[in-house]
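The values are calculated or read from the model by the stated rules, or taken from the named source; none is laboratory data. Not measured: the values here are computed from a predicted model. All Cβ positions, glycine included, derive from the backbone under ideal geometry; neighbour counts span all protein chains shown. When the accessible area is computed, the model is the full protein with side chains, heavy atoms only, and any ligands, DNA or RNA have been set aside. Shrake-Rupley method; radii C 1.70, N 1.55, O 1.52, S 1.80 Å.
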Amino acid sequence: MGLRARRLRETVKRVSSIKVVAVILLIAYGGVAFSQDGGKQPLRLVQTIPLPNVKGRLDHMDVDVKGKRLFVAGLENGTFEVVDLKAGKWVRSIPGFKKAQGALFVPELNKLFLASGDDGMLRVFRGDTLDLLDSIHLEPGPNRVVYEPNSKHVYVGYGGKDAGKDYGEVGIIDAQNDKLVGDVKVVAHPSELLLDKSGKTLFVFVSIASKIQVVDTSKRVVLSTWPVTSQRNGDGALDESTSRLFIGTRTPAEMVVMDSKSGKEIAHLPTPESMDGVYFDAARKRIYVSGGRDLQVGFAYVYQQRDADHYDTIGKIPTRVGAGTSFWSPELDRYYVAAEATDNEQAAILVYAPQD
């Protein structure tokens, strides 16, 4: 064979190899090839809001719907960042936190509750001015914070190994007086808290034990403990209309559907690596799961609920390097993904609009 022929054959081989790699990548990131411009993805990026001077991991968020403000935990930055959603810009930082984590805005009380894990504090700010009103000292590890409007109680998870204990706790706060009025002992540090609409049932996710504990809030006792077959169930959402829990797990990366009455697992679907946010869009019957912290590409997966027992993956939307945590606001009809700073880009909030 001549030199020219050999070179031609080698060139053909290289081109073929490139095509094979491209096909493999396309399969691995199935769904990414759908064009947002073509309207085929269920989420469309409509805005990017920079968070200047914010370094490190970003964590939980909450929204002031009426005031169009988003509160973002700068976990490693020691701050909570305030974003003006109407203007589409960052407006200020609230400093002084050690491992900023849980955020909860309660409009009826005009209060903002902000948790920091390493100092065991739940700080209370006036909602409109963001002036500090109170500091509630708990044990180390405060993370998720939820509000029950009937009793006007705030529930916050803490304890476990963060506090040097072999069990975790859910603290009960009188939200009107900012006082700790009780607690419920759970198997380990809570990673997620979900309340039903009646406020009578609290689902406590315990990631380190791969369990969900069901708490009767009136009796302040654990009624049931359910194992999750996939490991490290960190985040979740609840659809009461079908009695379904949607559980994000990390080992393997899955979205697990569970019967919220019995604890029976109904379905398992692949989800993003380093899962860090699960939300249910009740109007569209969709579940949004974000992940990708510490990875080269973050993703938001979208699942369509066909009925209580059947679900389809309808979108795998690439977000940004290191983007993990997310937040869904049904009132604003927007999905927010927090992207940490990189060597080339500022930290930012990626704003997505659902596409019907």
In the stretch 211-220, which residues are outside any strand (DSSP E or B) and crowded, with 21+ Cβ neighbours inside 10 Å? Thr217
Are any residues in the stretch 59-102 open to solvent by 20 Å² or more (accessible area, probe 1.4 Å), part of a strand (DSSP E or B) and closer than 15 Å to Asp119 by Cα, and if so, which ones? Pro95
When the residues of the stretch 151-165 are filtered to those that are surrounded by fewer than 23 Cβ atoms within 10 Å (Cβ to Cβ) and within 19 Å of Val214 (Cα to Cα), which remaining residue is farthest from the chain's Cα centre (by Cα)? Ser151
Residues that are open to solvent by 10 Å² or more (accessible area, probe 1.4 Å) and farther than 22 Å from Trp90 by Cα, at least 2 per element: which strands (runs of 3 or more DSSP E) completely within the stretch 272-356 meet that? 275-281, 299-307, 310-318
Close pairs (6 angstrom Cβ cut-off, 6 or more residues apart or separate chains): closer than 18 Å to Ser260 by Cα in the stretch 185-200, assigned to a loop (DSSP other than H, G, I, E, B) and open to solvent by less than 40 Å² (accessible area, probe 1.4 Å) anywhere: Glu192/Arg144; Leu193/Arg144; Lys200/Thr217
Out of (1) over 25 Å from Thr313 (Cβ atoms); (2) hydroxyl-bearing (Ser, Thr, Tyr); (3) surrounded by 17 or more Cβ atoms within 10 Å (Cβ to Cβ), what's the single condition that is false for Ser224? (3)
Looking at the stretch 169-185, which of its residues are touching a Phe, Trp or Tyr at 6+ places or on another chain (Cβ under 7 Å), within 20 Å of Ser224 (Cβ to Cβ) and not basic (Lys, Arg)? Glu169, Val170, Ile172
Only one of (1) assigned to a loop (DSSP other than H, G, I, E, B); (2) among the polar types (S, T, N, Q); (3) over 22 Å from Glu139 (Cα atoms) does not apply to Gln176, and that is (3)
Quick check, is Asp196 acidic (Asp, Glu) and out of contact with any strand residue (DSSP E or B) (no Cβ under 9 Å at 6 or more places or on another chain)? no
From the residues in the stretch 227-262 that are farther than 16 Å from Val289 by Cβ and of a type in the set (D, E, K, R), which one is surrounded by the most Cβ atoms within 10 Å (Cβ to Cβ)? Asp259
Tell me which residues, restricted to the stretch 227-254, are more than 13 Å from the chain's Cα centre (by Cα) and closer than 15 Å to Thr313 by Cα. Ala253, Glu254
Count, please, the residues in the stretch 112-145 that happen to be crowded, with 20+ Cβ neighbours inside 10 Å, in contact with a Phe, Trp or Tyr (Cβ under 7 Å, 6 or more places away or on another chain) and assigned to a strand (DSSP E or B). 6
